[in-house]
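Worksheet for the structure shown next.
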Amino acid sequence: MKSIRVPNEMEARAAVALGALLDQVSSIKRRDIQFQPVRRRSDILASIDVLGRSHKLVCSVADDNPAHARRTLRKLEMCADARRADATRVLIMPTLSAEIRALCEQRQVGFLDLEGNGRLVVDEVFIGKRSVRRVPAATDVRYQA
């Protein structure tokens, strides 16, 4: 019997961000994004079609703490779902430091944050997205003489 896990707010936001990123790429068709049962080492499993071939995104969600991100990466590497030939591991966080992005690239793990930054390599498809933080408009800046 599978234990059903109710996603926390961060996991729910991560699933929405993942879906939004996938929907922007015409060569990827999203089939399903589901939350994993309690005993799994990953949090989210996304089933997609890439250029007509079935593929899985095995995702784990971490908070902004770098130590937690490293533990989550280790957990993701040990995950049975992530060892499948048709699987890509993905780390999802609220924000990604340059250090964590480099660590993900080194370990061949995709990443996504809630600010719109992401990097995924799935079969022949490379997704690299970088958000630009809002710059205050001239009317937002107050000058003092």
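The values are calculated or read from the model by the stated rules, or taken from the named source; none is laboratory data. On a predicted model such as this, the values are computed, not experimentally measured, just so you know. Neighbour counts run over all protein chains shown; Cβ positions are idealised from the backbone, glycine included.
Could you please find all residues in segment 17-45 being in a strand (DSSP E or B), within 23 Å of Glu105 (Cα to Cα) and either touching a Lys or Arg at 6+ places or on another chain (Cβ under 7 Å) or of a type in the set (Lys, Arg) (or both)?
Leu45
Could you tell me how many of the residues in segment 65-95 are at pLDDT 90 or above and either within 16 Å of Ala15 (Cα to Cα) or not in a helix (DSSP H, G or I) (or both)?
Going through segment 65-95 one residue at a time, the tally reaches 10.
What are the residues in segment 87-100 that are surrounded by 13 or more Cβ atoms within 10 Å (Cβ to Cβ) and in contact with a strand residue (DSSP E or B) (Cβ under 6 Å, 6 or more places away or on another chain), if any?
Ala87, Thr88, Arg89, Val90, Leu91, Ile92, Met93, Leu96
If we keep just the residues of segment 48-62 that are exposed (fewer than 13 other Cβ atoms within 10 Å of the Cβ) and at pLDDT 90 or above, which is nearest to Asn8 (Cα to Cα)?
Across segment 48-62, the extreme among qualifying residues is Ser54.
Go through (1) within 12 Å of the chain's Cα centre (by Cα); (2) closer than 15 Å to Ser60 by Cβ for Ala87 and report which single condition fails.
All conditions are met except number (1).
Show the residue pairs meeting these rules: Cβ distance below 8 Å; 6+ apart or different chains; first residue within segment 8-30 and over 17 Å from Leu96 (Cα atoms); second residue outside any helix (DSSP H, G or I) and acidic (Asp, Glu).
Going by the 8 Å Cβ cut-off, the qualifying pairs are Ile28/Asp49; Lys29/Asp49.
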